[in-house]
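Single-structure report; data block below.
The values are calculated or read from the model by the stated rules, or taken from the named source; none is laboratory data. Note that this is a predicted model, so its numbers are computed, not measured. All Cβ positions, even for glycine, are placed from backbone atoms using ideal geometry, and neighbour counts span all protein chains on display.
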Amino acid sequence: MIFAELFILMERLFIYGTLLQSDNTFGRHLKNNSKYLGKGHFRGKLYNIGEYPGAIYLPGDSFVFGSIVLLNEPEETLKVMDEYEGYGDKHTQPNEFIRQTLDIETDTGFMKCWVYLYNLPVNQFQEITKGNYIDFLAE
C-alpha cells in the first residue's frame with residue numbers, strides 16, 4: 001500500500017510558472033512527456049523572482065494557482081525537471097528550489113503532487129498577489 005501511494009505521488013507534478021509557457025523548451029518537454037489532469041492550487045504565496053516565479057507554501061488565505069500533469073516516465077522526467085529547477089546535490093547549496101509533495105486542491109478534491117518550491121528568502125521580491133503567474137505576465 002505504501003509503495004502504491006509513493007508511486008502515485010511520483011507520477012503527478014504541479015506546475016505554476018514558466019513550465020506553463022508554450023515557448024519554454026522545458027515546458028514543451030514536459031508537455032510531450034505528460035498528460036494534463038487539470039487545474040489546481042495550494043495555500044501559499046507567489047513571487048516574481050525576475051525571469052521566473054517562485055512559490056512558497058504558507059498556510060493562510062493566499063493561493064498559488066497552476067496545473068497538474070501526470071508524468072509518462074516519472075523518474076526520467078523528474079530528472080530533467082530537477083535539472084531545470086536547479087534541484088539536487090550537484091547544484092549550488094542551498095538549492096534555489098526544492099521538490100516537495102503537497103496536497104493540491106482541485107475541483108474534485110485534493111491530489112498529492114510534486115511541487116518545486118522556492119527555497120531562499122523572498123523579502124526582496126514582489127509578491128504576485130493573485131497567485132497566478134500567467135495572468136501576471138499578461139497584465
Check: Restricting attention to the range 80-139, and to residues there that are within 22 Å of Gln21 (Cα to Cα), among the charged types (D, E, K, R) and assigned to a loop (DSSP other than H, G, I, E, B), which single residue is modelled with the lowest pLDDT?
Finding: Glu139
Checklist line | Every residue from the range 14-26 that is over 10 Å from Met81 (Cβ atoms) and either free of Cβ contacts under 8 Å to residues at least 40 places away in the same chain or not in a strand (DSSP E or B) (or both) | finding: Tyr16, Gly17, Thr18, Leu20, Gln21, Ser22, Asp23, Asn24, Thr25
Item checked: Selection from the range 63-92 of residues that are more than 16 Å from the chain's Cα centre (by Cα) and either of a type in the set (Val, Ile, Thr) or crowded, with 18+ Cβ neighbours inside 10 Å (or both) -> Thr92
Next item on the list: State all residues of the range 106-126 that are more than 15 Å from Lys45 (Cα to Cα) and in contact with a strand residue (DSSP E or B) (Cβ under 6 Å, 6 or more places away or on another chain); if no residue qualifies, say none.
Entry: Thr106, Phe110, Met111, Lys112, Cys113, Trp114
